[in-house]
Amino acid sequence: MDDHPGKSPDHLTINVTHRDDPVFEVTEADAFASARKYPNIVVRGPLFGLAAQRRGERPRWRLMGELDTGFPQMARDELNSHLWFKAKDETEDRAERRSLLAAVARLETEPVNEVTADGVRYRIVRADEFARIGGGSLEPPRATDPDDDSWDLDAPESSRTKDFVVDHAAAVGLAEGIDRAGLLQLSYTADRFPYDVRADSQRALTTHPGVVLLPTTFRVVERKELSWSMVTGQHATPQAARRALVDHLTRPMPQLPDLPDMPELPAWMKVDEKEQAIHDRAAKKFMARRRPTELLVRGRRFEVVRAERVMRIGPDGPEGPRPSDTDDYGPSQIHPLMDEEGNITYGT
């Protein structure tokens with residue numbers, strides 16, 4: 001308790017506030033009610049993405065995208081492309097382009113988790129995704145979660161994660177403050193996790209003792225007898241997840257035309273017209289309901305659930321990948337060579 005006399009550092013501060021705002025009060029009440037109904041959590045695993053820190057924003061970091069990839073190298077490749085196109089399209093300054101391309105060169109050859117280019121720090125960041133559970137059910141969307149009513153399946157997806165500022169000391173409501181305090185000691189302890197994963201998770205409690213909750217996302221899952229399997233990716237609103245479920249049911253993979261010498265499609269790729277008609281009717285009934293969260297079709301139960309993400313924070317900001325976080329492949333050259341003048345060399 002004597003390590004930080006006076007004011008605690010930002011990565012250890014949970015700043016709880018109250019606002020005299022009816023919406024704030026209803027949201028707080030909804031959060032407390034959900035905590036009572038869904039008191040436990042189930043951790044799915046890590047997700048990775050990108051964060052940037054500019055000189056004027058220190059010690060805060062800003063997320064650059066969705067934080068939705070399952071492997072660190074996928075995030076490194078995303079950063080590689082971001083910097084390459086920034087050098088190509090967003091500057092005419094040779095020194096700036098040189099700095100950006102030097103970072104690209106490192107990302108092409110090393111599995112680095114942080115680079116600095118043109119005075120900006122870029123970091124591969126990590127968060128654990130989890131859902132709340134109670135009575136054998138995963139938590140559905142809350143009444144106070146931001147939502148809409150559109151069924152336009154081609155509507156562009158919004159984002160609440162991109163540009164989110166990671167600031168451990170930012171003021172939060174009492175419900176979130178209690179949530180974060182309860183997550184401080186979250187680590188992987190189950191025997192199903194390998195020893196190195198559990199050891200890294202335990203070590204992170206010391207190296208990155210703070211936690212920040214990222215904006216909630218929503219997924220569609222299929223409930224099995226003893227588990228759930230994911231049907232869709234992350235969505236910013238419950239309605240976007242509902243639209244994704246309707247899209248999943250009504251827009252199956254099209255059957256390719258018969259061509260000479262083309263092998264027959266496997267059975268799982270073929271569209272059964274009777275089965276499709278059942279899915280279409282189920283989707284139509286689903287869309288006729290007001291903000292539904294469940295759909296039962298042909299013995300399969302689909303559910304719209306809340307998916308939360310917690311990011312650990314240390315003295316120097318968000319946690320990066322752990323040694324036990326695995327990759328399926330390593331760094332490589334993604335884009336053609338470019339010189340400081342912006343000239344691009346294609347081919348070998």
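The values are calculated or read from the model by the stated rules, or taken from the named source; none is laboratory data. What you see is a predicted model, and the numbers here were worked out from it, not measured in a lab. Positions of Cβ are backbone-derived with ideal geometry, glycine not excepted, and every protein chain shown enters the neighbour counts. To get the accessible areas, we keep the full protein, side chains included, count just its heavy atoms, and leave off ligands, DNA and RNA. Shrake-Rupley method; radii C 1.70, N 1.55, O 1.52, S 1.80 Å.
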For the stretch 117-136, name all the residues that are over 24 Å from VAL212 (Cβ atoms) and either surrounded by fewer than 14 Cβ atoms within 10 Å (Cβ to Cβ) or of a type in the set (Phe, Trp, Tyr) (or both). GLY119, GLY135, GLY136
Is it the case that ALA95 is of a type in the set (A, V, I, L, M, F, W, C), farther than 23 Å from GLU157 by Cβ and surrounded by fewer than 21 Cβ atoms within 10 Å (Cβ to Cβ)? yes
Kindly list the number of the only condition in (1) surrounded by fewer than 20 Cβ atoms within 10 Å (Cβ to Cβ); (2) in contact with a Pro (Cβ under 7 Å, 6 or more places away or on another chain) that fails for LYS88. (2)
List pairs: first residue in the stretch 157-178 and open to solvent by 60 Å² or more (accessible area, probe 1.4 Å), second residue of a type in the set (Asp, Glu) anywhere in the structure, Cβ distance under 7 angstrom, at least six positions apart or on different chains. LYS162/GLU66; LEU174/GLU28
List every residue pair whose Cβ atoms lie under 9 Å apart, where the two residues are 6 or more positions apart in sequence or sit on different chains, the first residue falls within the stretch 100-118 and is without any contact (Cβ under 8 Å) to a residue 12 or more places away in the chain and farther than 16 Å from MET74 by Cβ, and the second residue, located anywhere, is buried (at least 23 other Cβ atoms within 10 Å of the Cβ) and aliphatic (A, V, I, L, M). ARG106/VAL115
Identify all residues within the stretch 6-18 that are in a helix (DSSP H, G or I) and either under 27 Å from PRO141 (Cβ atoms) or open to solvent by less than 40 Å² (accessible area, probe 1.4 Å) (or both); write none if there are none. HIS11
Unmet requirement for ASP163, which otherwise passes all of (1) more than 21 Å from the chain's Cα centre (by Cα); (2) at positive phi; (3) charged (D, E, K, R): (1)
Being of a type in the set (A, V, I, L, M), touching a residue at least 40 places away in the same chain (Cβ under 8 Å) and open to solvent by less than 70 Å² (accessible area, probe 1.4 Å) is the filter here, so list the residues in the stretch 19-74 that pass it. ALA31, ALA35, ILE41, VAL42, VAL43, LEU47, LEU50, ALA51, ALA52, LEU63, MET64, LEU67
Can you find even one residue in the stretch 88-111 that is of a type in the set (Val, Ile, Thr), farther than 27 Å from ALA29 by Cβ, in contact with a strand residue (DSSP E or B) (Cβ under 7 Å, 6 or more places away or on another chain) and at pLDDT 95 or above? no
Please go through the stretch 140-156 and pick out each residue that is surrounded by 15 or more Cβ atoms within 10 Å (Cβ to Cβ) and either over 27 Å from GLU28 (Cα atoms) or touching an Asp or Glu at 6+ places or on another chain (Cβ under 9 Å) (or both). PRO140, PRO141, ARG142, THR144, ASP145
Testing MET338 on (1) of a type in the set (A, V, I, L, M, F, W, C); (2) open to solvent by 20 Å² or more (accessible area, probe 1.4 Å); (3) more than 30 Å from LEU101 (Cβ to Cβ), one condition comes back false. Which one is that? (3)
Within the stretch 75-82, can one find any residue that is at pLDDT 95 or above and surrounded by fewer than 16 Cβ atoms within 10 Å (Cβ to Cβ)? yes
Pull up the stretch 199-248, narrow it to residues that are acidic (Asp, Glu) and farther than 27 Å from GLY136 by Cα, then point me to the one that is least open to solvent (accessible area, probe 1.4 Å). ASP200
Collect the residues in the stretch 125-159 that are among the hydroxyl-bearing types (Ser, Thr, Tyr), touching a helix residue (DSSP H, G or I) at 6+ places or on another chain (Cβ under 8 Å) and under 26 Å from GLY49 (Cα atoms), keeping them in residue-number order. SER158
Looking at (1) in a loop (DSSP other than H, G, I, E, B); (2) modelled with pLDDT under 95, which one does PRO215 not meet, given that it meets all the others? (2)
Does ASP196 count as open to solvent by 40 Å² or more (accessible area, probe 1.4 Å), part of a helix (DSSP H, G or I) and more than 30 Å from ARG291 (Cα to Cα)? yes
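One line per residue, one yes/no per condition, for (1) assigned to a strand (DSSP E or B); (2) at pLDDT 95 or above; (3) closer than 26 Å to GLY317 by Cα:
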residue: GLY177; (1), (2), (3): no, yes, yes
residue: ARG180; (1), (2), (3): no, yes, yes
residue: GLN202; (1), (2), (3): no, yes, yes
residue: ARG219; (1), (2), (3): yes, yes, no
residue: GLU225; (1), (2), (3): no, no, no
residue: SER229; (1), (2), (3): yes, no, no
